[in-house]
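Laboratory data are not the source of any read-out in this text; all were calculated from the coordinates shown. What you are looking at is a predicted structure, and each value in this text was computed from that prediction instead of being measured. Please note: Cβ atoms are built from the backbone with ideal geometry, for glycine as well, and neighbour counts cover all protein chains shown.
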Amino acid sequence: GPAPEDICPGDLEVPTRTTVTLEGAAEDDGTITAWSWACIENDTDTAPTLGTPSAQTTTFWALRVGHYTMQLTVTDDAGLSDTCTFVVTTTETPPTAICPADITTTPLTEVELVGGAEDDGEILRYDWLLVEKPVGSSAANPSPAMGQVSHFTPDIAGEYLIRLTVTDDMA
């Protein structure tokens, strides 16, 4: 019989760092026995992550903004195959700040604050700010106020809330 006819998803535009489901389809006079998803070209420094590249449905996740040319190949029970391509364009997403875990300490003991971030670009700034403190506290903001690592010294017992803001190169 004739080769199967592969039906790719249409071109997609999705945010970076977001899982997207890709579903393939095919028409054939027999049975589709194999599905194969692949990224055959991209203009970024990292390849996307595919969930199950040998299934009819897979997931796509990309770290960087760019264009990813995807290929779907189907093979039927007669060993005949068909291939189609489509483009996934990823768009910028804001960075996600990664704060240190809650810290328990005693008053007048300096603690180290180490921040992190996930982003589709480069993190340019880390800003630390003391936003809440116990009544009667005169504790200063974390120092340095800018940088991935900062230090903070609580002056009295109680809860302190410190905000980490990260800024990327797309701002």
Computed from the coordinates I sent, Rg and Dmax of the Cα atoms in Å equals one of [x] 16.0, 53; [y] 16.2, 47; [z] 24.7, 83. Tell me the label.
[z]
Quick one: which residues, 5+ away or cross-chain, put their amide H under 5 Å from the amide H of ALA139? H built at 1.01 Å from N.
ASP155
What does the charge dipole of the chain about its Cα centre add up to, to the nearest 20 debye, if the Cβ of each Lys and Arg holds +1 and the Cβ of each Asp and Glu holds -1?
920
Which residue, TRP37, ALA145, LEU164, has the largest displacement toward the positive end of the dipole of the chain when charges sit on each Cβ (Lys, Arg +1; Asp, Glu -1)?
ALA145
Enumerate cysteines in the chain without a disulfide-compatible partner, where compatibility requires another Cys Cβ under 4.7 angstrom.
CYS39, CYS99
